[in-house]
Amino acid sequence: MTVQSLEAILLTGLVLGSLYALISTGLSMVWGTLRIFNFAYGSFMTVGAYVAWTIADKSALGAGIWLGVVIAIAVLIALGMLSERILIAPFIKRRDVALIAIITTLAASLFFENGAQILWGPRLKQLPAMVQGNVRFLGTMVDLQDVIVMISAPIVLGLVALFLYRTRLGRAIRAVEQNRDSALLAGVNVPLIYSLTFGFSAGLASVAGVILGITRFITPTMGDAPLLEAFIVVILGGLGSLGGTMVAAYIIALIEATCMTFLGLYWTPVVLFAIMILTLVFKPTGLFGKE
Amino acid sequence: MAPPLLEVKDLHVGYGEVQVLRGVSIDLQDKERIGLFGPNGHGKTTLLKTISGLLRPWKGEIRFAGKVISGKSPRELVEVGIIQVPQGNTLFPRMSVMENLLIGAYADRAWKKRRQGLERVFELFPRLAERKSQLCRTLSGGERQMLAMGVGLMGHGQVLMLDEPTLGLAPKIKDELREAIQQIAATGVPMILVEQDLEFLLALTDRLLLVQEGRIVLEKTHASSEIEHARILEMYFGGLDQAEPDLALGGKIT
């Protein structure tokens, strides 16, 4: 193994890891708090990217990428809260809500993906880079945009952690996640917390969608593959641990980058899914999962 | 007599298909403390859960200060001031003592008084003050129970319902907690206390209700008559079948 390839692996791993950390945190928040898996999460990334594109691209509104990001986050938080009201809230008291949510969120995902195709067309789109230029990093020249991606997860997730650990509302979200009944008895508005959690998670999805839209392309099904990767990350990291999810994101990303270099595109998913299966067999609670 | 602060009328409640409460009626006057006792699984906890809104009544009505409150959500009832400290100190395991207490004051009414609440809890349980930043799951059983009561106190309730607060604790810690409960009672807050220890209930409450098979089978106002420990104990452990009907003086059999 040459030094160059090691550097390349590390770089790819850090960029990918940042992206996966963002995606899987949103997914794991909903999983931990509402106890359901949101299959529409990938399509939230898609819609977020398209909204940002509409604001930012010169052929659309042309207001710049930064405004695009802000508006995409706001729109997706609202869309997430609305989705929870329609897809989850009517069924939350049922014992089989986890199964129903699979169906309703899958349906929503089809709805959003096809809706995006109708609204924005099937042609590939791309978001403009946030910054131009290169910097020296780890001894190699790195695209400045990659650096932005690399630091985006630590910054965004740092803010999320501040919110969850230092504010009244954030504490209430954690309380509902840890003990729903006791949270109810303390006067926490649990339905509102469910809705907000879904909204925040969609907001995180939109940040990830924008990053995907800059580094890859925007298509109606762009969220599908990253959602699968995030699924593996959440299983490896375990439930109810923000830090665990982050660490797992970087582990998976570095493994993926290594496999891509030595095994190639074809065998990488095999390795990743093998990790998922081994986790489920030998440590179903994940590396850092509770209970 | 003034209208009761809390009034439960002909309450029927169950889980799924299984009925637990079969027509329970109780009332609680302002500043009054009542004790519930009886065998496990006969509806004491179910009654508290229904009053606090965790369970919805199948039939019957609950009023607080004259207004119907049955059917309201737990959150609305906490805002009203009905606080339940659940059995088995189920708290928030991955939160610190301080964070648990702050969640206890989550309701708007209590949030404004949270500093006052913290002071009161730490005065009552100095041990919690020492362990402010410790994670809840690392506390001992007794400390967890103290924290559970602290979380309840942070809600500044108009009615405090304690569900077996000393269950499964070592005698020394039991005494400590009982002293704290006595101090809370001395503030005059109306209480519904579920306990297995009759001596403790008799010392602390104005009335005792025996809950059996989803009904209140005996109500004993021991302010009026000489307390007859022995007879109640006999009834409780010996079974009601052997009890003479005239023992249920002032009680209602529904």
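The values are calculated or read from the model by the stated rules, or taken from the named source; none is laboratory data. Predicted model, so just to flag it, every value in this text is computed and none were measured. Cβ placement follows ideal geometry from the backbone for every residue including glycine, while neighbour counts extend to all protein chains displayed.
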Within region B:82-103, residues being more than 9 Å from chain A (Cβ to nearest Cβ) and modelled with pLDDT of 90 or more number 5
Failed condition for residue B:106, given (1) assigned to a helix (DSSP H, G or I); (2) at pLDDT 90 or above, with all others met? (1)
Restricting region A:164-188 to residues that are farther than 19 Å from residue A:239 by Cα and touching a residue at least 12 places away in the same chain (Cβ under 8 Å), which is surrounded by the fewest Cβ atoms within 10 Å (Cβ to Cβ)? A:169
Residue count, region B:49-79 (criterion: in contact (Cβ under 8 Å) with a residue 12 or more places away in the chain and more than 10 Å from chain A (Cβ to nearest Cβ)): 18
Just to be sure, is residue B:11 among the aliphatic types (A, V, I, L, M), within 19 Å of residue B:73 (Cα to Cα) and assigned to a strand (DSSP E or B)? yes
(1) within 14 Å of chain A (Cβ to nearest Cβ); (2) crowded, with 19+ Cβ neighbours inside 10 Å; (3) touching a Gly at 6+ places or on another chain (Cβ under 8 Å); (4) without any contact (Cβ under 8 Å) to a residue 40 or more places away in the chain all hold for residue B:128 apart from (1)
Would you check if there is a residue in region A:8-20 being under 16 Å from residue A:196 (Cα atoms) and of a type in the set (Phe, Trp, Tyr)? no
Got a number for residues in region A:189-205 being touching a helix residue (DSSP H, G or I) at 6+ places or on another chain (Cβ under 6 Å), over 15 Å from residue B:75 (Cβ atoms) and buried (at least 22 other Cβ atoms within 10 Å of the Cβ)? 7
Among residues of region A:49-63, those that are loosely packed, with under 14 Cβ neighbours inside 10 Å and in contact with a helix residue (DSSP H, G or I) (Cβ under 7 Å, 6 or more places away or on another chain), counted: 0
Selection from region A:189-201 of residues at the interface with chain B (Cβ under 9 Å from one of its Cβ atoms) and either in contact with a Lys or Arg (Cβ under 7 Å, 6 or more places away or on another chain) or at pLDDT 95 or above (or both) yields A:189, A:190
All but one of (1) away from every other protein chain (no Cβ under 14 Å); (2) at positive phi; (3) in contact with a strand residue (DSSP E or B) (Cβ under 7 Å, 6 or more places away or on another chain) hold for residue B:31; which doesn't? (3)
Step by step: first the residues of region B:152-175, then only those that are among the charged types (D, E, K, R) and buried (at least 17 other Cβ atoms within 10 Å of the Cβ), then the one that is nearest to the chain's Cα centre (by Cα). Which residue is that? B:163
Does at least one position in region A:251-263 carry a residue that is free of Cβ contacts under 8 Å to residues at least 12 places away in the same chain, out of contact with any helix residue (DSSP H, G or I) (no Cβ under 9 Å at 6 or more places or on another chain) and exposed (fewer than 15 other Cβ atoms within 10 Å of the Cβ)? no
Boolean, residue B:149 is within 14 Å of another protein chain (Cβ to nearest Cβ), on the phi < 0 side of the Ramachandran plot, under 18 Å from the mean Cα position of the chain (by Cα) and not in a helix (DSSP H, G or I): no
Restricting to region A:162-177, name every residue that is more than 8 Å from every other protein chain (Cβ to nearest Cβ) and among the aliphatic types (A, V, I, L, M). A:162, A:164, A:169, A:173, A:176
